[in-house]
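The next block holds one structure in the form of structure tokens; read it before the comments.
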Amino acid sequence: MSGSEKKPDASEKKKSSWRVKSFVWATHVLLAASLGGLAVHYTVRDEWSVLAPVFYFFPPAAAFLFALPSLAIAMRKRAKLRLSLSTLAVCAAAVAVWQWDYRPTSAAEAINTGGPRTRVVAWNLADAFWGVETAGDGVEALAPDVAVLFEAPTPDESREIFGRRFPRCVVAPFSEDGLVIVKGSIADVYKKTLEGGSVALIEIDVEHGYLALAIIDLSPTSLTSREEDLKAARAAIERWHGRGREPIVLVASVHMPRNSVLLDRHLGGLGLRETFLAAGSGLGTGWPSWLPVYHGEQFWISPELSIGRSSAEWSLRSDHLPWVLEVSRR
């Protein structure tokens, strides 16, 4: 060792040791949260309405946040590096196990009636940080009869732009940052603000007949109000739709798994079924679009409709994948 090189003093060693120990504890907490979320998913699912969404949200986000610091902190000690990377790998595997949902194409074909279809698109534009015109290109390429767009930037400007892009369609807001595009006409619009989001019911007339389009939009941070919001949304839809004979297509952006106990209780309680679980195809996750690990938007439909297609469409025009549903009357 040359004279110019200095040995690390006791304070530096102590500081380095503290960082490594902190990281080891953090990764183990992350592991516990991941495994806890996995246990909740396969037992009570999200019956714990306040606690369970934390399990679904925290592990993937934390895993990404810890990935780069893990290398920086643990590189000096190979044993710690192996431990940290192994822990993160287990976390990632746990997340993948409960988020991953892939279904073969044949599932949709089995229920396809071959009749005329209405094509519904649900897409979170994530404030269109690639530009509203770019988002418009993506929506236009999907050729929807009905498009439900969440997190549209500056709604008035977006409405003007989409109105110009789709001159034969009706463009209307359903929430503060949500737009619906209908290739047909809109009869009535009912809207209600919830504690953690909003619900709307829109009576529309498209090429193949009348539909009642229900939309539930809940914030990913509305943990404590989630079940109450679903109860309120169900009550509102029952009140608005009443004994109406129009089939219902419900689009839900609720940041919850499709097999949620709460969704089955309240949306299933309306007599609706989730289309991806019933006859979906492909990957069941939709965010982020370049590496989908989170559940995406959902479609729930009434028994009068049959499913021709329910799947995500590949697109990088937003950080969310668009979801496409094709339905026909039985």
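Computed from the coordinates by the stated procedures, all read-outs in this text should not be read as laboratory data. Please read these numbers as outputs of a predicted model, since none were measured by experiment. Cβ: placed from backbone, ideal geometry, glycine included. Neighbour counts: every protein chain shown.
Quick notes on this structure:
- Separation of the GLU207 and TRP25 label points, Cα + 7 Å toward Cβ, nm: 6.2 nm
- Taken about its Cα centre, the stretch 102-329 carries a charge dipole of about 680 debye when Lys and Arg each add +1 at the Cβ and Asp and Glu each add -1 at the Cβ.
- Formal net charge of residues neighbouring PRO322 (Cβ-Cβ distance under 9 Å; K, R +1; D, E -1): -1
- Phi-based couplings in Hz for the stretch 229-240 (Karplus 6.51, -1.76, 1.60; Gly and Pro marked x): 5, 5, 4, 5, 5, 4, 4, 5, 5, 4, 5, 5
- The stretch 171-250 shape via C-alpha gyration tensor axes, a/c threshold 1.5: oblate
- For peptides 313-322, 137-146, sequence by mean Cβ density within 10 Å, most packed first: 313-322, 137-146
- Descending by average beta-carbon neighbour count within 10 Å, the peptides 161-173, 263-275 line up as 263-275, 161-173, the highest first.
- For the stretch 186-247, the list of trypsin sites (Lys or Arg not before Pro) that fall in a loop by DSSP and count at most 16 other C-beta atoms within 10 angstrom reads ARG243, ARG245.
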